[in-house]
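The values are calculated or read from the model by the stated rules, or taken from the named source; none is laboratory data. Just so it is clear, the model here is predicted, and its values are computed rather than measured. Note that each Cβ is placed from the backbone with ideal geometry, even for glycine, and that neighbours are counted across all protein chains shown.
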Amino acid sequence: MLNSTFTPQHNGDISCSITRNWTEQALECYKLNGDCKNCSIAEGHYSFVCQMPKVVDILLAVNGKPVIK
């Protein structure tokens, strides 16, 4: 099983569920202006390319700027 290849089932599309509302991660990305080197996700050394800057762009277009407390 370790040698098997993982093929994503989404064809690179961004899930609609993460583009509906401002999440904590989306807010962090927004505040960092998409600067991935200062993002907490980058510290996790995940094996995927972060799509959060694209999510932030969609959220801005659909919902406008977030209310930051």
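Do you know which of the residues in the range 41-69 that are touching a Cys at 6+ places or on another chain (Cβ under 8 Å) and assigned to a loop (DSSP other than H, G, I, E, B) is farthest from Thr19 (Cα to Cα)?
Taking the candidates together, the pick is Ile41.
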Practice item. Tell me, yes or no, whether the range 16-27 has at least one residue that is in contact with a helix residue (DSSP H, G or I) (Cβ under 6 Å, 6 or more places away or on another chain) and exposed (fewer than 15 other Cβ atoms within 10 Å of the Cβ). Key: no
Check your understanding: Taking only pairs six or more apart or across chains, which ones have beta-carbon atoms under 6 Å, a first residue in the range 11-33 that is under 14 Å from Lys69 (Cα atoms) and of a type in the set (Val, Ile, Thr), and a second residue that is at pLDDT 90 or above and surrounded by 15 or more Cβ atoms within 10 Å (Cβ to Cβ)?
Key -> none
Exercise for review: State the number of residues belonging to the range 15-39 that are in a loop (DSSP other than H, G, I, E, B) and under 11 Å from the mean Cα position of the chain (by Cα).
Suggested key: 5
